[in-house]
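Novice: First, the structure itself, so that you have it in front of you.
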Amino acid sequence: MMPAADSWRQPDRRFVVTGSARPRDIRDLMGRPFFALGKTPRLTPIDYQARHIAIMVRAENAGGMATVWDVDVLIWLTGQIVDALNHGLWVSRHVRFTPWRLFQDLGWASGLHEYHRLRGALERLSTTTVMTNIRQGADWRERPFTWISDVRISRDDGVALTLPDWLMEAACDRSRVLSVDPTYFCLRGGLERWLYRLARRHAGRQKEGWRFDLAELHARSGSLTRRRDFIAKIRAIVVNQIIPGYAFRIISGGKLGILCAVPTSQFTEGVDNDVKHVVGSTAHHIVGTVADLSWDHWRESAQCIVFKSGISPVTYITNIITYYVGDFSLSDTFPIARSGLSVFRKTWTGADK
């Protein structure tokens, strides 16, 4: 039998999420400019190069690229995949779930606003095109992907989508995922969220914490904010100390100062250890301009979202199930809903009107 960690490569399976799982983030995504940090639609591309890392991100429609809030969906799905593997279950990059389950796990409310928020996140995730040399090999320029594809939403089947191979490979490798403090999802600011993920990846549970050159942080964030304004926001965050699990302070060093992140609580997951203690300012980056290589030459059209009539509630089941679905049609039906979730149908139906 194929090991569970490789099961997602079988094309005739669909992973159906019905139980709760601890959210987990992918280390490759933490502390690098893969997502917009603001809620205003960002159409300006991200082109980032630092040492051996290259990242290019493009928004393919007027809604802008995926944001650091949209990544909540990927963090949640990664946690579901890891939990399933921990229990020896089969997983697949073809996933089905109900919004209610995601709302419960991430602490979202279940009103009309949350359903609109999820719709927007799914659309941006499916129309944001990414190209990176991280785990992509020499031909990385010819291997673009979107965060999700083949998105379907219906009353009977919930949300169905497909994750890219790049993300699945990381999610199925336990050395590439880290648990996330649940209070992270309460952070309102995009920069605060990005800083938590940066500290979680590098400082982790190390007693000495980690240090970051402020000039380097501006480049790594991909922010369109002017550097001096960016650093002013960092200083405000340091004063307020609102990042869960970490204490931040700024010390002298470098051209603009050094940001120190020290853990204040115990962690149970592994962290980075084999990198330099201070992230230097040797990176160069291009934010807001088109890179030398032609994006249009290799770009593939992003998958369009097809929204059907709505989503009906499903029965809460404590297990994660993998269905054989052959051609991935959405003709499978979910169990009958609990009567206590009648608000689910009313809320989502209202969102479609």
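Novice: Express the accessible area of the stretch 27-172 per residue in Å², computed with a 1.4 Å probe while the remaining protein chains stay in the model.
Specialist: Ligands and nucleic acids excluded, the result is 30 Å² per residue.
Novice: What does the charge count around D83 come to, taking other residues whose C-beta lies under 13 Å from its C-beta (Lys +1, Arg +1, Asp -1, Glu -1)?
Specialist: Here the charged neighbours net out to +3.
Novice: Here is a follow-up. For A138 and E208 in the same chain, what is the full-extension length gain: residue separation times 0.36 nm, less their Cα-Cα distance, in nm?
Specialist: 21.6 nm is the gain from fully extending A138 to E208.
Novice: Which residues' amide hydrogens lie under 5 Å from the amide hydrogen of L256, considering only partners 5 or more residues apart or on another chain, with H built in the peptide plane?
Specialist: Amide H neighbours of L256: L214, A215.
Novice: Moving on. Sort 73-81, 204-212 by packing, meaning the average of other beta carbons within 10 Å per residue, with the highest value first.
Specialist: 73-81, 204-212
Novice: Something else: If I model a spin label at A109 and T40 as a point 7 Å from the Cα along the Cα→Cβ vector, what separation in nanometres do I get?
Specialist: Roughly 2.6 nm, to one decimal.
Novice: At 1.4 Å probe size, with the rest of the protein present, what percent of the exposed accessible area of the stretch 22-82 is carbon and sulfur atoms? Walk me through the numbers before you get to the answer.
Specialist: Numbers: 860 of 1650 Å².
Here carbon and sulfur together make up 52 percent of the probe-accessible area.
Novice: So what does E123 come to for accessible area, using a 1.4 Å probe and Å² rounded to 10?
Specialist: 80 Å²
Novice: So for the pair T183, I53, with labels modelled 7 Å out along Cα→Cβ, what separation do we get in nm?
Specialist: Inter-label distance under the simple model: 2.6 nm.
Novice: Given a Förster distance of 25 Å, report the FRET efficiency between A236 and R22 from their Cβ-Cβ distance, rounded to the nearest 0.05.
Specialist: According to the calculation, E is roughly 0.25.
The values are calculated or read from the model by the stated rules, or taken from the named source; none is laboratory data. Being a predicted model, the structure only gives us computed values, none of them experimental. Methodologically, a virtual Cβ is constructed for each residue, glycine included, from the backbone with ideal geometry; neighbour enumeration extends over all protein chains shown. For accessibility, only protein heavy atoms count, side chains too; no ligands or nucleic acids. Shrake-Rupley method; radii C 1.70, N 1.55, O 1.52, S 1.80 Å.
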